[in-house]
Amino acid sequence: MSARVGVMGGGQLARMLAVAGVPMGLCLSTFDPAADACAAQLVPQHRARFDDTEALRRFAAEVDVVTFDFENVPAASAEALAASVPVYPSPRALAVAQDRLAEKTLFGELGIPVAGFANIDSLDGLRDAVARLGLPCILKTRRLGYDGKGQFRLRHADDIDAAWAALGPQVGSVGLILEAFVAFQREVSVVAVRGRDGEFRSWPLTENWHDAGILSASLAPAAVGADLAEQAVDHARRLAQSLDYVGVFALEMFVRDGQLLANEMAPRVHNAGHWTIEGAETSQFENHLRAVLGLPLGSTRPRGYSAMLNWIGEIPDPAVILHEPGGHWHDYGKSSRPGRKVGHATLRHDDPQALADSLLNVGAALGRPDLVRGPVARLGASARGVPA
Ligand code: AMP
């Protein structure tokens, strides 16, 4: 097998796809305008702007299938590629997932619960929506926001002018949405895959912790009741079916008072699924490649318990992780920069208490007890048999 897979975007997700493609004999290449896109350390990169039609045409001619490590490729570019080569997920699925308003509207149509939201197109509209949805609430860009960027939290009515000053100028370019603030107890993600033939599989539900809007830690399987986990997977299945989705995606949800509320969908392999590299029978990266190539999907069965810790801004001493039995190290080959995801670690154990102990060691060695606190508390409860 030497299928050629083109990936739009050449960051760490493309890099991990490339690694997963090696044993399968696949040839990956990426398309990315950045001079320092880290997947290029492993596979060839077409360096051009995402709207460079001539470069897109050449890329399409050199690959058998196109997929994405980045959802904000312009819809017109995805359409142009799809005119000459199979593109998965489809440009339509990508377009829905690019727009918070379109995806929340679809969630509602599919009966997937969401918190209140409103499209915002003016300062007066923002005032009305704040009155309707109540405070606190969050003003977000509809498109091109990620990792908490393009968001403004409103706590008091006095914040309306500041929120509009911060994001109002972007209303014409990326659109704005106001969302009711969800006082959640937990954040969870379904990471799932759907094949070209419609076969659907999901990994166990993952619980996530964020720091300043950026994922900091994940734990899988999440310590939640079977009913909640089943509901979450059912939401993801219906979403994927309705979009005729092909590939891996993540559906991020809040848990408030035992109820799921959908936040957003990511139409690609996702940070909340990085643990699957070592913690599942088949990783999200391998299954994504299998899906877009029309190959049979692999088992998503977990191997014990896994916790993933993100390295944001700078990378710590690898020995801290490599000393731990079940510790796995990932360095994306990126330079340090505040807020940038530069690597991650996965710790995997069959026994939840052993994983909690290992996380405590790592938190202490890094001087970051905060980073492991959430997963340790959940694992401790699981080990004691305390129901979620
Ligand atoms: P997002 O870019 O929508 O994934 O938001 C990043 C993070 O901000 C989420 O993972 C939450 O921790 C927080 N957040 C976003 N939207 C809301 C909301 N409506 N209510 C409460 N927290 C939110």
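Yes or no, residue by residue, for (1) in contact with an Asp or Glu (Cβ under 6 Å, 6 or more places away or on another chain); (2) outside any loop (DSSP other than H, G, I, E, B); (3) at pLDDT 95 or above:
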site: Ser173; (1), (2), (3): no, no, no
site: Ile177; (1), (2), (3): no, yes, yes
site: Val188; (1), (2), (3): yes, yes, yes
site: Asp197; (1), (2), (3): no, no, yes
site: Leu219; (1), (2), (3): yes, yes, yes
site: Gln231; (1), (2), (3): no, yes, yes
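Among the residues of the range 264-305, which ones are among the small types (Gly, Ala, Ser), in a loop (DSSP other than H, G, I, E, B) and more than 15 Å from the chain's Cα centre (by Cα)? First the steps, then the outcome.
Step one: filter the range 264-305 for residues among the small types (Gly, Ala, Ser), giving 266, 272-273, 279-280, 283, 291, 294, 298-299, 304.
Those left that are additionally in a loop (DSSP other than H, G, I, E, B): 283, 294, 298-299, 304.
Hits for the range 264-305 are Gly294, Gly298, Ser299, Gly304.
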*Within the range 332-361, which residues are over 19 Å from Glu278 (Cβ atoms) and among the hydroxyl-bearing types (Ser, Thr, Tyr)?*
Ser335, Ser336
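How about the range 56-150: which strands (runs of 3 or more DSSP E) wholly inside it have at least 3 residues that are within 16 Å of the ligand (Cβ to nearest atom)?
So the answer is 117-120, 137-141.
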*Matching residues in the range 239-255 - criterion: being assigned to a strand (DSSP E or B), more than 21 Å from Gln151 (Cα to Cα) and not β-branched (Val, Ile, Thr)*: Gly247, Phe249
*Restricting the first residue to the range 79-100 and requiring it to be buried (at least 19 other Cβ atoms within 10 Å of the Cβ) and at pLDDT 95 or above, which pairs with a second residue that is aromatic (Phe, Trp, Tyr) and not in a helix (DSSP H, G or I) meet a Cβ separation below 6 Å and a spacing of at least six or different chains?*
Pro89/Tyr245; Ala93/Tyr245
_I'm trying to understand the selection: among the residues of the range 164-189, which are within 14 Å of the ligand (Cβ to nearest atom) and in contact with a helix residue (DSSP H, G or I) (Cβ under 7 Å, 6 or more places away or on another chain)?_
Leu176, Ile177, Leu178, Ala180, Val188, Ser189
*Could you list, in sequence order, the residues of the range 1-40 that are in a loop (DSSP other than H, G, I, E, B), at pLDDT 95 or above and within 18 Å of Ala61 (Cα to Cα)?*
Ala3, Gly9, Leu26, Asp32
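Mind listing whichever residues of the range 139-165 are small (Gly, Ala, Ser) and in contact (Cβ under 8 Å) with a residue 24 or more places away in the chain?
So the first thing to find is which residues in the range 139-165 are small (Gly, Ala, Ser), and the list is 145, 148, 150, 157, 162-163, 165.
Hits for the range 139-165 are Gly145, Gly148, Gly150, Ala157, Ala163.
The values are calculated or read from the model by the stated rules, or taken from the named source; none is laboratory data. Predicted, not measured: the structure shown is a model, and the values here were computed from it. Using ideal geometry, Cβ is built from the backbone for each residue, glycine included, and neighbour counts are taken over all protein chains shown.
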